[in-house]
1. Please go through segment 1-60 and give me each residue that is within 16 Å of ligand 1 (Cβ to nearest atom), small (Gly, Ala, Ser) and over 14 Å from residue 228 (Cα atoms), ordered by number.
2. How many residues does segment 155-181 contain that are within 13 Å of ligand 1 (Cβ to nearest atom) and either within 25 Å of residue 405 (Cα to Cα) or assigned to a loop (DSSP other than H, G, I, E, B) (or both)?
3. Go through 278, 306 for me and flag whichever is over 16 Å from residue 351 (Cα atoms) and at pLDDT below 55.
4. Go through segment 130-154 and give me each residue that's more than 12 Å from ligand 1 (Cβ to nearest atom) and either of a type in the set (Phe, Trp, Tyr) or closer than 11 Å to residue 95 by Cα (or both).
5. Surrounded by fewer than 23 Cβ atoms within 10 Å (Cβ to Cβ) and either basic (Lys, Arg) or modelled with pLDDT under 95 (or both): which single residue out of 172, 121, 114 fits that description?
6. Quick check on my filter: what residues within segment 36-90 are buried (at least 20 other Cβ atoms within 10 Å of the Cβ), within 16 Å of ligand 2 (Cβ to nearest atom) and among the charged types (D, E, K, R)?
7. Considering each of 127, 54 in turn, give the residue that is at pLDDT 95 or above and under 21 Å from the mean Cα position of the chain (by Cα).
8. Would you check if there is a residue in segment 76-89 being more than 15 Å from ligand 1 (Cβ to nearest atom), assigned to a helix (DSSP H, G or I) and over 30 Å from residue 415 (Cα atoms)?
Amino acid sequence: MSVVTVQLGQCGNQVGQELFDIVCSDAQDGQRKTYSTASCERFFHRTAKGDLEARAVLIDMEPKVINHSMTKAAKSGRWRYGENSHFSQKQGSGNNWANGYCVHGPHHKDVVEELVRKEVERCDRLAGLIAMMSVAGGTGSGVGTYITECLRDIYPASFILNHLTWPYGTGEVIVQNYNSVLTLAHLYQLSDAIMVHENDTVHRICSQLLKIKQISFSDINRVIAHQLGSVLQPALTPDSHGNYSRNPLGELVSALACHPEYKLLSVCTIPQMPSSSIAYSTFSWPGLLKHLRQMLISNTKMEEGIDWQVCPPAASGRTRSLTGSSFNTSLANLLILRGKDVYSTETGNFEDPSIYTPWLSSEEAFTAWKTPVPFNKYEKSATLVSNSQALLRPLDDMVRKAWNMFASRAYIHQYIKFGISEEDFLDSFTSLEQVISSYNQLQC
Ligand SMILES: Nc1nc2c(ncn2[C@@H]2O[C@H](COP(=O)(O)OP(=O)(O)OP(=O)(O)O)[C@@H](O)[C@H]2O)c(=O)[nH]1
Ligand SMILES: [Mg+2]
C-alpha cells in the first residue's frame, strides 16, 4: 500500500524533499529486497523508464522553493518529483493564515484536488495521506488547513496524518502564534493524528548532538527526515503477521491516537551523532532503551541533557521530582526498533503501567514495531512516537502568547480583512484550551 504526501509552503516542501531523499537512499542501501520493495511501493512509483518518482504533490504560493526542491531531487540521480505534480503561484500568503485559508485555498482548490487525485490513482492501494507544513507561515498553515479539509471530504475513509513544524519560540514571524492556534484548532477536527517537530528542539539536536556549527534549515530538515523516516519506513508490526506492514498510517493511528481528544504525537530517536562518529560507536539495546525511557518520562528529546533527577516512577505517586520537573504521563507509545538483534530485545520497561494514564491498560497503550534492517547507517536505532504530555508546555505557551496579543487586538484587522472574525479566533482558543485541559488530566 502507498502513501501520498502533500507538501505545502516553504517548510513543507523542504522537509518533504529531505524525507524522500532519506527514505530512497535507505531503501536502496544494501541487499534487502523485501524491505526495499515495500519502501519503494510506499513512497514512489516507477515511471515507464524505470525511474523512481515520489508519490507527492508540491504546493506553494510562490515558485522558488518548489523549483529548488525539484531540482535537488533530480540532482540526486536516485529519484525525482513528477514533472506535473506541483502547483505554485507568484506571491506567497504573507505569513497570514487567513490569506491562505480564506483566499488562496478556495481559489486553487480544484487544481490541488486534481493533482492529489492523479497521485492517488497511481497507487494500487492507498494507505493514506500525509500533509506536511509549518504552522507559522501563511501558505503551509492556511492553505494546508484548507486543503486538509478538502482531502477529508474527498477521502472520508482514508487516514490523514498531518506533519507540523512548530516555529522557534523566539519567532521569526510576529503573528506565528495566531497562525499556529488557527491551524491546530482546525486540524484537530480533521486529522487522524498530528505529528509535531519543534524547530527549537531539532536545533538543539543539531548543535549539541550533531555538533553542527552554523545550523541551516537543511541541517534541521535532515534530522526531522531521519526521525520521520524511521517511523514511516517498513517494519514488522503486531498485525502484519511476519510481513512488512501494508497499512502504516492505519497501524500508527490505531497504536497511538485511540481517543479523539488526544492527537498530538511527538517523536524522538536515539542515537543521533555526527555521521563521522557512527562507524566508531557501539550501542547496546538495553542501554539505548533505558535512555529512551528516561527521555520519555522526563520529557527530554535528547539523550544528553536528561534531567536525571526525575526518578523513574515508583509504585506510589507519579510526580516525584527532586528538581520540580514533572513526570511526563503518556496516553500511548509506539517504539520502533531497527537494526541488529531486534528480535531478542526486551521492551518490557515501556510496558510499565506507571508511565501511562490510569484509564488505559499498558498492553493497549504500548506497541512495538521491529525490523532487523538497520536504518540510515545506524547499526541500531530506536524511535519513540509518543502521545503524551510532551507537547503540553509548548502548546500552552503558543496559546498564551496568541491570547495576549489577541487581548490587545494586535494585528487582528489583518485577518478580518480576509474573512476571519474575532469569533473564529475565540472558537480556536476554546478548542485548544480543551486540548490543553485533556492532556493535563492524563495523569489523573
Ligand atoms: N524546520 C524547518 N522550518 C522551516 C523551514 N522553512 C521555514 N520554516 C519555519 O516555518 C515558519 C515559516 O513558514 P513557511 O513554511 O516559511 O511559510 P509558508 O508556508 O511558505 O507561507 P508564506 O511564505 O507566508 O506564504 C517559520 O517558523 C520557520 O521557522 C524549513 O525548511 N525547515
Ligand atoms: Mg513561503
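The values are calculated or read from the model by the stated rules, or taken from the named source; none is laboratory data. All values derive from a computational prediction rather than experimental measurement. Cβ coordinates were reconstructed from backbone atoms using ideal geometry, including for glycine residues, and neighbour counts include every protein chain displayed.
1. Step one: of segment 1-60, the residues within 16 Å of ligand 1 (Cβ to nearest atom) are 5-22, 56-60.
Narrowing the set further to residues that are small (Gly, Ala, Ser) leaves 9, 12, 16, 56.
Across segment 1-60, the qualifying residues are 9, 56.
2. Here is the first cut: in segment 155-181, the residues within 13 Å of ligand 1 (Cβ to nearest atom) are 163-180.
Okay, now just the ones that are also either within 25 Å of residue 405 (Cα to Cα) or assigned to a loop (DSSP other than H, G, I, E, B) (or both), so 164-180.
The number of residues fulfilling the criteria is 17.
3. Numbers: 278 fails: at pLDDT below 55.
Only one candidate qualifies: 306.
4. Result: 146, single match.
5. Details: 121 fails: either basic (Lys, Arg) or modelled with pLDDT under 95 (or both); 114 fails: either basic (Lys, Arg) or modelled with pLDDT under 95 (or both).
Going through 172, 121, 114 in turn, just one is surrounded by fewer than 23 Cβ atoms within 10 Å (Cβ to Cβ) and either basic (Lys, Arg) or modelled with pLDDT under 95 (or both): 172.
6. 60
7. Numbers: 127 fails: at pLDDT 95 or above.
Answer to the check: 54.
8. Restricting attention to segment 76-89, the residues satisfying the condition of being more than 15 Å from ligand 1 (Cβ to nearest atom) are 76-85.
Now drop any that are not assigned to a helix (DSSP H, G or I), which leaves 76.
Okay, now just the ones that are also over 30 Å from residue 415 (Cα atoms), so 76.
Yes - at least one qualifying residue is present in segment 76-89.
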